[in-house]
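The values are calculated or read from the model by the stated rules, or taken from the named source; none is laboratory data. Note that the coordinates shown come from a computational prediction; the quantities given were computed from them, not determined experimentally. Virtual Cβ from ideal backbone geometry, glycine too; neighbours counted across all protein chains shown. Please note that ligands, DNA and RNA were not included when accessible areas were found on the heavy atoms of the full protein model with its side chains. Shrake-Rupley method; radii C 1.70, N 1.55, O 1.52, S 1.80 Å.
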Amino acid sequence: YLDLGGDTWAYGIEKAFNDLEPIMLKQPYINHFGIGYFEDGAPNCINLNDWRKEVAKTHAETGKYNKCWSELLSSYYGFEIPKEYKWLEVNEVDENTVDKVVMHRSTHHHTSIDFWKGLIDGLNETPLFVTTNILEFEQFPYNYLVKPYILKTVSEWIVAIASCKYFIGNQSAGFAIASALDKKRLCELYADAAPF
């Protein structure tokens, strides 16, 4: 057992890797995508869990977060925040989500349910609730106002969000995907991190 610090993968690292591999290997800036442990200083290897240690340390010491994601990642990994916010390229299309509003709300990181019904009622269409976890749809209090769209992998989820016209979500994987794709989006932010 090797403690790398940071968060764990909700469904295990192997599933996360298998779900992400098809999309990640299509990115022009990725030469290799794998699971492994690298010695410090290994050339061109980046442990994408390392930044989480700093977040956990800062939060433990101060009780709050001190940087937005872009600032945190750019300062930790030593890169300039790009002017182009889209960093995930997708060439496939999910015909089920083209020109549709898609939404996602995880089972955690909530502030208030109140604005969700108003948002849904204000749409001129029935939004698709995209997820790889049926429990998220079942636990969504307004699931009777949306149509479920259950996907098998994170790669399918990425293509679905890439194909939509607008994304609504909370602070979770769905919103992270929409941000990486720079889709038009609206987010319910968890109170602890909302200021950033």
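Some points to look at:
- Considering the stretch 49-191 at the alpha-carbon level, its Rg and Dmax are found to be 16.1, 47 Å.
- Loop-located trypsin sites (Lys or Arg not before Pro) across the stretch 82-177 with a Cβ neighbour count of 16 or fewer within 10 Å are Lys83, Lys86, Lys152, Lys165, with loop assigned by DSSP.
- Spatially near lysine pairs across the stretch 59-195, Cα under 23 Å, sequence gap of 8 or more or different chains: 28
- Average accessible area per residue (Å²) across the stretch 50-167 - probe 1.4 Å, nucleic acids and ligands excluded: 60 Å²
- Carbon plus sulfur fraction of accessible area for the stretch 130-187, probe 1.4 Å, in percent: 57 percent
- Cβ-Cβ FRET estimate between Thr62 and His32, R0 fixed at 41 Å, reported to 0.05: 0.70
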